[in-house]
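First up is the structure itself, then whatever we jot down about it.
Values quoted throughout were computed directly from the atomic coordinates according to the rules given, and no laboratory measurement underlies them. Only a predicted model underlies this, so the values are computations on that prediction, with no experimental measurement involved. For neighbour counting, all protein chains shown are included, and Cβ atoms are generated from backbone atoms with ideal geometry for every residue, glycine included.
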Amino acid sequence: MLIPQNGDRAGLYFRLSRDEDSAKESNSITNQRKILTAYAEEHHFKVIDEYIDDGVSGTTFDRPGFNRMIEDAQAGKINVIIVKDLSRLGRNYIGSGEHIENIFPNLGVRFISIGDSYDSLFDDEPSADMVPIINFFNEFHAKQTSKRPGRRKR
């Protein structure tokens, strides 16, 4: 694995699938920013940039903020990605697993999910065993949410 032991150049990633019918930033994004910024400060990460997908579904990985974050990781601008929880990374079981298990490590990027107590630097911890299960349920939640009464498939 290429994950740097002392990587400290962090990208903070925020995502919310639904707009709050406002031109302003959603409350969820604002709250995610508070949590991630506090975590970065407490753990002495240098925040290089924030990547935001406000109103974009996590069922796809073709998201403007996410794509820009990956480009910055490929360019070596960031070597740590921090999210509030795994559902913010994505609600696609295969895609989330591919990023956590292959893409991020191959880019030399450390991945941290605060709410899930997951840090790829310590992927031998018990919390790492739960990541695939959590990702599965995140995708399941997205599918169930789209089937709620009153919602039609397009």
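Legend: ranking of residues ARG88, ARG33 from fewest to most surrounding C-beta atoms inside 10 Å; resulting order ARG33, ARG88.
With a 10 Å Cβ neighbour count serving as the proxy for reagent exposure, in which order, fewest first, do PHE122, PHE14 appear?
PHE122, PHE14
Extension gain, GLU42 to ASP8: 0.36 nm times the residue separation minus the Cα-Cα distance gives 11.0 nm.
Listed by Cβ neighbour count within 10 Å, with the fewest neighbours leading, ASP8, ASP72 appear as ASP8, ASP72.
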